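Student: I'd like to ask you about the structure that follows.
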Amino acid sequence: MNLKLHIWRQKNNKTNGAFEQYAVSDISEDMSFLEMLDVLNEDLIVEGKDPVAFDHDCREGICGSCSMTINGNPHGPEKATTACQLHMRKFKDGQEIYIEPFRNNSFPVIRDLVVDRSALDRIIQSGGYISIKTGSAPDANDIPVPKSKADVAMDAAACIGCGACVAACPNGAAMLFTSAKLKHLNVLPQGQAEKKKRTIAMVEQMDKEGFGSCTNHYECEAACPKSISVEFISEMNFEYAKARATAYRD
Amino acid sequence: MKLDARIPEGPIQDKWTKHKFDINLINPANKRKYKIIVVGTGLAGASASATLSELGYQVETITFHDSSRRAHSIAAQGGINSAKNYPNDGDSVWRLFYDTVKGGDFRSREANVYRLAQVSVNIIDQATAQGVPFAREYGGNLANRSFGGAQVSRTFYARGQTGQQLLLGAYQALAKEVESGGVKLRTRKEMMDIIVVDGKARGVVTRDLVTGELETHLADSVVLATGGYGNVFYLSTNAQACNVTATYRAYKKGAFFANPCYTQIHPTCIPVSGEYQSKLTLMSESLRNDGRIWVPKAKGDKRKPSEIPENERDYYLERKYPSFGNLSPRDISSRSAKEACDDGRGVGATGYGVYLDFKDAIARLGKDTIAERYGNLFEMYERITGDNPYETPMMIYPASHYTMGGLWVDYNLMSTLEGLHVIGEANFSDHGANRLGASALMQGLADGYFVLPYTIGNYLAKAELKKIDADTPECKATVKEVEDKINKLINVNGTKTPSYFHRKLGKLMWDKVGMARNEAGLKYALEEIPKIREEFWKDVKIVGTGAEYNISLEKASRVADFLEFAEIMAYDALDRDESAGAHFREEHQTPDGEAKRNDDDYRYVAAWEYKGVGQRPELHKEQLEFENVKLAVRSYK
């Protein structure tokens, strides 16, 4: 198939970017979206033009590196799929495709489609862990975890930290990301000791990074390649209020 | 130089405990005076960084990813082994040790493997306490499943995302230490070389991938946790950025490279579909628990799988290896698939594929149970191929997946370059000639959480380290070397992309130094690799400068190292004139096509010393002694 691409090009975070047009031809429907971009880049290099920079690594939908918005959808049109797992059979011959970086004030563009998502790491660093030192753990079966809780913890922990939820949100909120980590750790017996502290710290770090707030558009869940549920957000709000209201007791 | 593995004396079950007592300790107040650089944030690097920081060391952790949560450990699907014996089916440290030595085809160091089996139980405790959401039984206890090469259920798992969850556990432990100030985390910086002062590894030079700036990082010891070199084949299940640069450049600075020819080919990957292909996707080996592997009995049978009756199918693993069947070890499964395809019985458009069929399992257990076990894998398969594995068998074919070889390390995980420690897939130590499934996660975390944090103290306590800074001549010289190499690459200004050369090298390596090797093919590879390298240095094209975010430069720099490294692999495969585990020399096989070892002549670790680009490296041998496991023909029949 032949396609007309409009790709966001931006040299660095000090210059302005713009869409540029590229034509690609003989694209096989078995190619992944990123392989289609590889083909374009190979041609650009041979022509002595700057290849399109984009974050990518595992190409199997788990590392969370890829971060491009395709025709207005973070990771493209297919539900529950990262850009690297999106295949060209989902597009039509002759189609025009707009490709741009994940947009958010807290994700500054580094180059072309590459953005800086370190704000998400800082949210985790503020409290997204269970403080257990190496070597001090009890026997694993000393802490029974009901299967239902283990399952919901896993549902939440499936987040790959790509930031599509942020890019999809009209308010630029990182609440799906933050609430998923909170749910993962707060639902487990191991996570109880630090539950309040964690909840307060992560929510406040999220605000400090400049992310917006949820007003129930649910675009995040729709864009999430792992289909993380927005229910975690309402739970985070509830837990945050509870933690704040009872913080005096600790 | 004589290789000294520094294996402690005494009975194998006491070696590690005794060693921990014998090694030098650094008192807690003094630990903060020492600085350690860790390169890489996969399971090994993240767990080591977090643990070293908890102990009080100053840690500087470097990754070329944008975040320390991206390393390729994240893609491991199936599980992690541990000798917990929760299922009460007769497992023990001894059995895990035995299975691992046997699975490695008697080419690993007994003492290291025993220690690995011992600490495997601590890993599960640690990860569980961190909140890793392992699968549970209804009673709330941890669930297990079985994996290739074992007759007990000792594999812990978190759906099909065990690597992801264990990595996030280590990433979060690391985040905790970043928050506490113990770890300085540097992202988007690629290690370009090791700084050696007075024969000791004292730091690294990195290139900032955003600005292109070359930076000097100094420390008292350097730890490489930079993964394997499977991308030497171009197509592999590794992530795109996985490369040999860090370990190869350490090799050029004096660390010996051990057993580079031991490369594991994973039996269950999605077959190649076209020339543009950038990677091969692995389908977890755990699928072999319930899937049955078959090809048509007749050559060139092009019927749909549903039209091939039961008696015209060859369930070749069940036929050849009745006791292990579809769970035979990876090398055996991979080669059997290749044999069937070479015999003209392969399936799919290219004829390089075999079926992995869930029909019987779905009939026996129901679709829901299968969906719970493998749902995400089935979805992934469908997304890539467009086929639904609930209705039609999957097609699979082997692909390069893991590299058992790596930098040579002693029992303390230190390389032949003093002060340089190597952990995880980047070292050679525990898997011998073949790694069993669910053992990579175990080894990465064992090294990072439970082994290196002890043994590095022994080095630091004794090392005499002079004060250095960025102006020390050795530091400046290393930066200059890196700078020159980058300029040299840019100045070639040829006509072909870095990927062109990578693809060309990969194809050669897969054909001649891949799943099956022979003397003529290896000699041919040794003639061809320098030619590709020469062409690369005449004709590679990089766009842009070194002082910017430059993806063609990054790629070219990594390919340049693969083009040198590939030669050591071929030399090693040629030297090892026997078949062992994943290293299959066609000249050495039993009448029914099994790998035939030669214990008298090749019961050694081959550790190669750098002698110049294009020169034959010098071989050093570490003899392997088997005092606890009897050398035997590995049989899975």
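The values are calculated or read from the model by the stated rules, or taken from the named source; none is laboratory data. This one's a predicted model, so the numbers in the text were calculated from it and none came from an experiment. Don't worry about glycine lacking a Cβ; one is built from the backbone with ideal geometry, like all the others, and counts go over all protein chains shown. Quick note on the areas: whole protein, heavy atoms, side chains included, nothing else; ligands and nucleic acids left out. Shrake-Rupley method; radii C 1.70, N 1.55, O 1.52, S 1.80 Å.
Student: Tell me which residues, restricted to the range B:624-634, are of a type outside the set (Asp, Glu), open to solvent by 100 Å² or more (accessible area, probe 1.4 Å) and touching a residue at least 12 places away in the same chain (Cβ under 8 Å). Write out each step before concluding.
Tutor: Going residue by residue through the range B:624-634, those that are of a type outside the set (Asp, Glu) are B:624, B:626, B:628-634.
Narrowing the set further to residues that are open to solvent by 100 Å² or more (accessible area, probe 1.4 Å) leaves B:630, B:633.
Listed by number, the list holds a single entry, B:VAL633.
Student: Moving on. Restricting to the range B:232-281, and then to whatever is among the hydroxyl-bearing types (Ser, Thr, Tyr) and part of a strand (DSSP E or B), can you tell me which residue is farthest from the other protein chains (Cβ to nearest Cβ)? Write out each step before concluding.
Tutor: In the first step, residues of the range B:232-281 are kept if they are among the hydroxyl-bearing types (Ser, Thr, Tyr); the result is B:234, B:236-237, B:245, B:247-248, B:251, B:262-263, B:268, B:273, B:276, B:278, B:281.
Still in the running and part of a strand (DSSP E or B): B:263, B:268.
Working: B:THR263: 19, B:THR268: 13 Å.
Selected residue: B:THR263.
Student: While we're here: Could you go through the range B:596-614 and let me know if any residue there is more than 24 Å from B:LEU407 (Cα to Cα) and assigned to a loop (DSSP other than H, G, I, E, B). Walk me through how you get there before you give the answer.
Tutor: Taking the range B:596-614 as the starting set, the residues that turn out to be more than 24 Å from B:LEU407 (Cα to Cα) are B:596, B:600.
Filter again for assigned to a loop (DSSP other than H, G, I, E, B), leaving B:596.
Yes, the conditions are met somewhere in the range B:596-614.
Student: Another question about this same structure. Look at A:ASP207 and say whether it is closer than 18 Å to B:GLN172 by Cβ, acidic (Asp, Glu) and either in the same structural domain as A:CYS63 (by TED's automatic domain parsing) or open to solvent by 30 Å² or more (accessible area, probe 1.4 Å) (or both). Break it down stepwise before answering.
Tutor: On the way: closer than 18 Å to B:GLN172 by Cβ: no; acidic (Asp, Glu): yes; either in the same structural domain as A:CYS63 (by TED's automatic domain parsing) or open to solvent by 30 Å² or more (accessible area, probe 1.4 Å) (or both): yes.
Answer is no for this residue.
Student: Determine the pairs where a residue that is at positive phi, located within the range B:83-100, has a partner that is part of a loop (DSSP other than H, G, I, E, B) and open to solvent by less than 60 Å² (accessible area, probe 1.4 Å) with Cβ atoms under 7 Å apart, the partner being 6 or more residues away or on another chain.
Tutor: Close Cβ pairs satisfying both conditions: B:ASN85/B:ASP91; B:ASN85/B:SER92; B:GLY90/B:VAL152.
Student: Do we find that B:ILE529 is of a type in the set (Val, Ile, Thr), open to solvent by less than 30 Å² (accessible area, probe 1.4 Å), in contact (Cβ under 8 Å) with a residue 24 or more places away in the chain and in contact with a Leu (Cβ under 6 Å, 6 or more places away or on another chain) in this structure?
Tutor: On the way: of a type in the set (Val, Ile, Thr): yes; open to solvent by less than 30 Å² (accessible area, probe 1.4 Å): yes; in contact (Cβ under 8 Å) with a residue 24 or more places away in the chain: yes; in contact with a Leu (Cβ under 6 Å, 6 or more places away or on another chain): no.
No; evaluated as a whole, the condition is false for this residue.
Student: Quick one: count up the residues across the range B:603-612 that are without any contact (Cβ under 8 Å) to a residue 60 or more places away in the chain and either closer than 28 Å to B:GLU339 by Cβ or surrounded by fewer than 16 Cβ atoms within 10 Å (Cβ to Cβ) (or both).
Tutor: Filtering the range B:603-612 down to residues without any contact (Cβ under 8 Å) to a residue 60 or more places away in the chain leaves B:604, B:611-612.
The next check asks that each one be either closer than 28 Å to B:GLU339 by Cβ or surrounded by fewer than 16 Cβ atoms within 10 Å (Cβ to Cβ) (or both); those that pass are B:611-612.
Summing the residues that are without any contact (Cβ under 8 Å) to a residue 60 or more places away in the chain and either closer than 28 Å to B:GLU339 by Cβ or surrounded by fewer than 16 Cβ atoms within 10 Å (Cβ to Cβ) (or both) in the range B:603-612 gives 2.
Student: Scan the range B:343-355 and give yes if some residue there is open to solvent by 30 Å² or more (accessible area, probe 1.4 Å) and of a type in the set (Phe, Trp, Tyr), otherwise no.
Tutor: yes
Student: Please go through the range B:76-89 and give me each residue that is at pLDDT 95 or above and within 10 Å of another protein chain (Cβ to nearest Cβ), ordered by number.
Tutor: Across the range B:76-89, the qualifying residues are B:SER82, B:LYS84, B:TYR86.
Student: Using the structure shown, decide if B:SER552 is hydroxyl-bearing (Ser, Thr, Tyr), closer than 14 Å to B:ILE490 by Cβ and more than 14 Å from chain A (Cβ to nearest Cβ). Full working, then the answer.
Tutor: Values: hydroxyl-bearing (Ser, Thr, Tyr): yes; closer than 14 Å to B:ILE490 by Cβ: yes; more than 14 Å from chain A (Cβ to nearest Cβ): no.
No.
Student: Oh, and also: Among the numbered criteria (1) touching a residue at least 60 places away in the same chain (Cβ under 8 Å); (2) of a type in the set (A, V, I, L, M); (3) away from chain A (no Cβ under 13 Å); (4) open to solvent by 10 Å² or more (accessible area, probe 1.4 Å), which one does B:ILE36 miss?
Tutor: Every condition holds for B:ILE36 apart from (4).
Student: While we're on this one: Hey, among A:SER32, A:SER25, which residue is polar (S, T, N, Q) and touching a His at 6+ places or on another chain (Cβ under 8 Å)? Before you say what the answer is, go through the steps one by one.
Tutor: Details: A:SER25 fails: touching a His at 6+ places or on another chain (Cβ under 8 Å).
Answer to the check: A:SER32.
Student: Would you mind stating whether A:ASN2 is farther than 30 Å from A:ALA173 by Cβ, in contact (Cβ under 8 Å) with a residue 60 or more places away in the chain, away from chain B (no Cβ under 14 Å) and surrounded by fewer than 23 Cβ atoms within 10 Å (Cβ to Cβ)? Steps first, answer last, please.
Tutor: Details: farther than 30 Å from A:ALA173 by Cβ: yes; in contact (Cβ under 8 Å) with a residue 60 or more places away in the chain: yes; away from chain B (no Cβ under 14 Å): yes; surrounded by fewer than 23 Cβ atoms within 10 Å (Cβ to Cβ): yes.
Answer is yes for this residue.
Student: Residues to consider are B:GLY131, B:GLY148, B:GLY169, B:GLY163; find the one that is more than 12 Å from chain A (Cβ to nearest Cβ), of a type outside the set (Lys, Arg) and surrounded by 24 or more Cβ atoms within 10 Å (Cβ to Cβ).
Tutor: Result of the check over B:GLY131, B:GLY148, B:GLY169, B:GLY163: B:GLY148.
Student: Separate question: In the range B:125-163, how many residues are of a type in the set (A, V, I, L, M) and over 15 Å from B:ASP91 (Cα atoms)? Spell out the reasoning first.
Tutor: At the first step, the residues of the range B:125-163 found to be of a type in the set (A, V, I, L, M) are B:127, B:129, B:132, B:135, B:142-143, B:150, B:152, B:158.
Remaining after also requiring over 15 Å from B:ASP91 (Cα atoms): B:127, B:129, B:132, B:135, B:142, B:158.
Summing the residues that are of a type in the set (A, V, I, L, M) and over 15 Å from B:ASP91 (Cα atoms) in the range B:125-163 gives 6.
Student: Oh, and also: Can you tell me which residues in the range A:137-150 are at the interface with chain B (Cβ under 8 Å from one of its Cβ atoms) and open to solvent by 10 Å² or more (accessible area, probe 1.4 Å)? Quick ask: steps written out before the conclusion?
Tutor: Pass one, the range A:137-150, residues at the interface with chain B (Cβ under 8 Å from one of its Cβ atoms): A:137-141, A:143-147, A:150.
Those that are at the interface with chain B (Cβ under 8 Å from one of its Cβ atoms) and open to solvent by 10 Å² or more (accessible area, probe 1.4 Å): A:ALA137, A:PRO138, A:ASP139, A:ASN141, A:ILE143, A:PRO144, A:PRO146, A:LYS147.
For every residue, the table says whether it meets (1) in contact (Cβ under 8 Å) with a residue 40 or more places away in the chain; (2) in a loop (DSSP other than H, G, I, E, B); (3) facing another protein chain (nearest Cβ under 8 Å); (4) under 23 Å from B:THR497 (Cβ atoms).
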| residue | (1), (2), (3), (4) |
| --- | --- |
| A:ASP57 | no, yes, yes, yes |
| A:GLU60 | no, yes, yes, no |
| A:PRO77 | no, yes, no, no |
| A:ILE97 | yes, no, no, yes |
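Student: Would you point out which residue out of A:PHE102, A:PHE91 is more than 9 Å from every other protein chain (Cβ to nearest Cβ) and crowded, with 24+ Cβ neighbours inside 10 Å?
Tutor: A:PHE102 is the lone residue from the list that is more than 9 Å from every other protein chain (Cβ to nearest Cβ) and crowded, with 24+ Cβ neighbours inside 10 Å.
Student: Right, next: Given the criteria buried (at least 23 other Cβ atoms within 10 Å of the Cβ) and under 27 Å from B:GLY386 (Cα atoms), does B:ALA361 qualify? Give the steps one after another, and end with the answer.
Tutor: Details: buried (at least 23 other Cβ atoms within 10 Å of the Cβ): no; under 27 Å from B:GLY386 (Cα atoms): yes.
Taking the combined requirement at face value, the residue does not satisfy it.
Residue by residue, here is whether (1) open to solvent by 10 Å² or more (accessible area, probe 1.4 Å); (2) of a type in the set (Gly, Ala, Ser) holds:
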| position | (1), (2) |
| --- | --- |
| B:LEU553 | no, no |
| B:ARG576 | no, no |
| B:SER579 | no, yes |
| B:GLU587 | yes, no |
| B:GLN615 | yes, no |
| B:TYR636 | no, no |
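Student: Quick check on my filter: what residues within the range B:375-416 are touching a Phe, Trp or Tyr at 6+ places or on another chain (Cβ under 8 Å), crowded, with 24+ Cβ neighbours inside 10 Å and among the aromatic types (Phe, Trp, Tyr)?
Tutor: Passing the criteria: B:TYR397, B:TRP408.
Student: Working carefully through the options A:ARG111, A:ARG89, A:ARG59, find the one that is among the basic types (Lys, Arg) and farther than 24 Å from A:ASP30 by Cβ.
Tutor: Details: A:ARG89 fails: farther than 24 Å from A:ASP30 by Cβ; A:ARG59 fails: farther than 24 Å from A:ASP30 by Cβ.
It is A:ARG111.
Student: Within the range B:417-424, identify whether any single residue is surrounded by fewer than 24 Cβ atoms within 10 Å (Cβ to Cβ), at pLDDT 95 or above and over 30 Å from A:ILE132 (Cβ atoms), and answer yes or no.
Tutor: Applying the first criterion (surrounded by fewer than 24 Cβ atoms within 10 Å (Cβ to Cβ)) to the range B:417-424 yields B:417-418.
From the residues that got through so far, the ones that are at pLDDT 95 or above too are B:417-418.
Next, only the ones that are over 30 Å from A:ILE132 (Cβ atoms) stay: B:417-418.
The answer is yes, given that some residue of the range B:417-424 is surrounded by fewer than 24 Cβ atoms within 10 Å (Cβ to Cβ), at pLDDT 95 or above and over 30 Å from A:ILE132 (Cβ atoms).
Student: Can I ask one more? Return a yes/no flag: does the range B:570-589 have any residue that is touching a Ser or Thr at 6+ places or on another chain (Cβ under 8 Å) and without any contact (Cβ under 8 Å) to a residue 24 or more places away in the chain.
Tutor: Checked the range B:570-589: at least one residue is touching a Ser or Thr at 6+ places or on another chain (Cβ under 8 Å) and without any contact (Cβ under 8 Å) to a residue 24 or more places away in the chain.
Student: Same structure again: Please state which one of B:ASP301, B:ASP290 is acidic (Asp, Glu) and in contact with a Phe, Trp or Tyr (Cβ under 8 Å, 6 or more places away or on another chain).
Tutor: Numbers: B:ASP301 fails: in contact with a Phe, Trp or Tyr (Cβ under 8 Å, 6 or more places away or on another chain).
Result: B:ASP290 is the single residue among B:ASP301, B:ASP290 that is acidic (Asp, Glu) and in contact with a Phe, Trp or Tyr (Cβ under 8 Å, 6 or more places away or on another chain).
Student: Another question, if that's okay. Being part of a helix (DSSP H, G or I), among the hydroxyl-bearing types (Ser, Thr, Tyr) and surrounded by fewer than 20 Cβ atoms within 10 Å (Cβ to Cβ), is that true of even one residue in the range B:471-494? Spell out the reasoning first.
Tutor: Just the residues of the range B:471-494 that are part of a helix (DSSP H, G or I), to begin with: B:473-492.
With among the hydroxyl-bearing types (Ser, Thr, Tyr) added as a condition, the list becomes B:478.
After this cut, where a residue has to be surrounded by fewer than 20 Cβ atoms within 10 Å (Cβ to Cβ) as well, the list is none.
No - not one qualifying residue is present in the range B:471-494.
Student: Considering only the range B:186-227, how many residues are outside any strand (DSSP E or B), more than 14 Å from chain A (Cβ to nearest Cβ) and either in contact with an Asp or Glu (Cβ under 6 Å, 6 or more places away or on another chain) or surrounded by fewer than 24 Cβ atoms within 10 Å (Cβ to Cβ) (or both)?
Tutor: Number satisfying all stated conditions: 4.
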